[in-house]
1. Only one of GLY71, GLY24, GLY85 is touching a helix residue (DSSP H, G or I) at 6+ places or on another chain (Cβ under 6 Å) and modelled with pLDDT of 95 or more; which?
2. Consider THR243 against the criteria (1) β-branched (Val, Ile, Thr); (2) open to solvent by 20 Å² or more (accessible area, probe 1.4 Å); (3) farther than 14 Å from GLY12 by Cα: it satisfies all of them except one. Which criterion is unmet?
3. So which residues in the range 256-274 are open to solvent by 10 Å² or more (accessible area, probe 1.4 Å) and more than 25 Å from TYR6 (Cβ to Cβ), if there are any at all?
4. Going through the range 7-42 one residue at a time, which ones are without any contact (Cβ under 8 Å) to a residue 60 or more places away in the chain and open to solvent by less than 30 Å² (accessible area, probe 1.4 Å)?
5. Of all strands (runs of 3 or more DSSP E) completely enclosed by the range 45-136, which ones contain at least 1 residues that are without any contact (Cβ under 8 Å) to a residue 12 or more places away in the chain and either acidic (Asp, Glu) or in contact with a strand residue (DSSP E or B) (Cβ under 8 Å, 6 or more places away or on another chain) (or both)?
6. What single numbered condition from (1) part of a loop (DSSP other than H, G, I, E, B); (2) surrounded by fewer than 19 Cβ atoms within 10 Å (Cβ to Cβ) fails to hold for HIS4?
7. Considering the range 201-229 alone, what residues qualify as being at pLDDT 95 or above, over 17 Å from LEU164 (Cβ atoms) and open to solvent by less than 10 Å² (accessible area, probe 1.4 Å)?
Amino acid sequence: MLLHFYKMTGAGNDFIMVDNRDLGLSSVLDKETIEALCDRRFGIGADGLIAVEPSQGKGGAVRMRYYNADGGEAEMCGNGARCFGNFAAALLRHDKSAPLPFETMAGIVTASFEKNGHVTVNLTNPHSLQLFALNADPTVGADVHFLNTGVPHAVAFLDKLDGLDIPRLGAYLRYHDAFSPKGTNANFARILSPGHIAIRTYERGVENETLACGTGMTASALLHAVLTDAPSPIQVDVAGGDTLEVGFRRMGDHFTHVTLTGPADLVFTGDIEL
């Protein structure tokens, strides 16, 4: 079978995009196939695969299915959601002057299209905030906090990010008993100035550092707001070199109207034999 695909990137977080609105790919896109397609040496290469599927009648124009590079399905992906918004809009011939709602396992996400080509997604309300989930953890060398922004994220604020062994530290937090049984993504953040942070992220399912993680930068920004009272919006520098923006409304430790704005670009299209 010949699979037609699109390769997109959101601030360096890259994805294989496929059109599965007729559900004809559902029987062939199993865990092993997705993992092979995402392999950077023997496949297309990506941090994950995203499929556009028909709406399940839950309020979205279409449904977003997101799979990590290991082939496992995840609830949502912030950078992937921006790419999905652009991709789905093109497939549906959607008028970009209007927002596009779509369904995810984490709930309804809405993409809005900026004049500079960037995409803003309205994320689901975060939950399960835990300040000092790990207090002065000796391996990380800092306190570790937790927030679920559609997927689980641990966040540590450090004095520097250069020279960190992200695969080792990330795997340590990803499999830590404090975040069992599902595990967590792991973010290491540095405050550059009030309302401006830099982060590096280890993604669960990729099992390595990625150049950007939308839900991770959102979790880090919101925890920065809780810990320092920084107002919305917060600028976030990612390892891929881009600066993205996290907006929100805050009432104490609770957040609503959370948005993530940044690039969502087509890299190339192609066909691959399955």
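The values are calculated or read from the model by the stated rules, or taken from the named source; none is laboratory data. These numbers come from a predicted model, not from an experiment. When we count neighbours, we look across all protein chains shown, and the Cβ atoms used for this are built from the backbone with ideal geometry, even at glycine. We work out accessible area using only protein heavy atoms, side chains counted, and drop any ligands, DNA or RNA first. Shrake-Rupley method; radii C 1.70, N 1.55, O 1.52, S 1.80 Å.
1. GLY71
2. The number of the failed condition is (3).
3. THR256, HIS257
4. ILE16, VAL18, ASN20, LEU25, LEU29, ILE34, CYS38
5. Strands (runs of 3 or more DSSP E) meeting the threshold: none at all.
6. (1)
7. THR218, ALA219, ALA221, LEU222, LEU223, HIS224, ALA225 - these are the residues of the range 201-229 that are at pLDDT 95 or above, over 17 Å from LEU164 (Cβ atoms) and open to solvent by less than 10 Å² (accessible area, probe 1.4 Å).
Residue-wise test of (1) open to solvent by 10 Å² or more (accessible area, probe 1.4 Å); (2) hydroxyl-bearing (Ser, Thr, Tyr); (3) under 14 Å from PHE15 (Cβ atoms).
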residue	(1), (2), (3)
ARG65	yes, no, yes
ASN68	yes, no, yes
CYS77	no, no, yes
GLY80	no, no, yes
ALA88	no, no, yes
LYS96	yes, no, no
GLY107	yes, no, no
